[in-house]
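Read-outs: derived from the displayed coordinates by stated rules, not from any lab. As the structure is a prediction and not an experimental result, all values here were calculated from the model. Because the Cβ atoms are built from the backbone with ideal geometry, glycine has one as well, and the counts that use them run over all protein chains shown.
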Amino acid sequence: MRSLTFRFVFLWLLCATQAHAVEPRVGPVVEGFGPVFEVPAESFNLDPDQHYKVVMDIGEGPENPGEQNRGIESAARFLNLHARHGIDPANLQMVLVLHGAAARAALSDAAHRKRFDVPNGSLGLVEALGKAGVPIYLCGQTAAYHGYAPEDLLPQISLAVSAMTVHVRLQQEGYRAILF
């Protein structure tokens with residue numbers, strides 16, 4: 001009897017766990033990227049009546065230059081998760097700043113292949129963010145250090161004097177940095 005009770009409890013827990021397992025969804029702001037899990041409606045969230053201006057600093061890149069940059073995907077996730085949880089995308093103004101190893105994501109596929117012998121794994125993501133209206137700035141100091149010429153960059157990328165310059169100016173314009 002004890003063995004039968006144990007099996008019943010085990011099967012019940014397995015079914016209960018499976019019933020609550022949810023796959024992440026992408027979109028609606030950045031289509032195809034930024035997977036989001038649903039959370040309870042009463043979870044702490046942004047105020048839907050406010051307008052937010054945020055800047056994300058991304059200096060890390062994947063070890064494998066052909067992989068997608070997870071930091072950049074976090075920007076897509078930020079926009080998608082808030083849209084999925086009741087925040088009007090018009091109330092979210094986001095800017096990305098790339099420097100360091102993250103600068104590889106700013107390269108056109110041809111320039112990326114020429115330098116790293118693999119396609120730019122972040123190409124579709126950068127294009128989707130551009131389509132969603134997200135400005136992306138590349139640190140000019142990083143670009144110069146690595147020898148990335150303006151013609152090597154994706155059309156969604158704007159060159160800045162430096163990453164620091166972008167942050168100082170955007171802070172003056174009321175942007176808040178996402179720190180993590």
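Phi angles of segment 122-129 translate, via the Karplus equation with coefficients 6.51, -1.76, 1.60 and θ = phi - 60°, into HN-Hα couplings of 9, 3, x, 5, 4, 4, 5, 5 Hz per residue; Gly and Pro are given as x.
Listing GLU73, GLU63 from the residue with the fewest other Cβ atoms within 10 Å to the one with the most, what is the order? Please report the intermediate quantities before stating the final value.
Values: GLU73 19, GLU63 7.
Listed from fewest to most nearby Cβ atoms, that is GLU63, GLU73.
For segment 47-64, 3J(HN,Hα) computed residue by residue from phi via the Karplus equation (6.51, -1.76, 1.60; θ = phi - 60°) reads 7, x, 8, 9, 9, 10, 10, 10, 10, 10, 9, 10, x, 9, x, x, 4, 7 Hz, glycine and proline entered as x. Each Cα pair under 8 Å and six or more residues apart adds its sequence gap; the mean of these over the residue count of segment 51-177 is a relative contact order of 30 percent. Taking the helices alone, the chain has a mean residue ellipticity at 222 nm of -11500 deg cm²/dmol, built from -39,500 (n - 2.57) per DSSP H run of at least 4 residues and averaged over all its residues. For VAL54, the residues whose modelled amide H falls within less than 5 Å of its own, excluding neighbours fewer than 5 places apart on the same chain, are GLN93, MET94, VAL95, ARG176. Between GLU31, GLU23, GLU67, the GNM of the chain built on Cα springs shorter than 10 angstrom shows GLU23 fluctuating the most.
Would you mind classifying segment 51-177 by shape? Square roots of the alpha carbon gyration tensor eigenvalues, ordered a ≥ b ≥ c; an a/c under 1.5 is rounded, otherwise it is prolate if a/b is larger than b/c and oblate if not.
On the way: a/c = 2.20, a/b = 1.42, b/c = 1.56.
Cα axes put segment 51-177 in the oblate bin.
What does the charge count around PHE116 come to, taking other residues whose C-beta lies under 14 Å from its C-beta (Lys +1, Arg +1, Asp -1, Glu -1)? Overall, the nearby charge balance is -1.
Backbone N atoms of segment 67-94 closer than 19 Å to the 7 Å Cα→Cβ label point of LEU46 belong to residues 71-94.
Net charge near PRO155, counting Lys/Arg +1 and Asp/Glu -1 over other residues with Cβ under 15 Å of its Cβ?
On the way: positive: LYS131; negative: ASP109, GLU127, GLU151, ASP152.
Counting the neighbours of PRO155, the net charge comes to -3.
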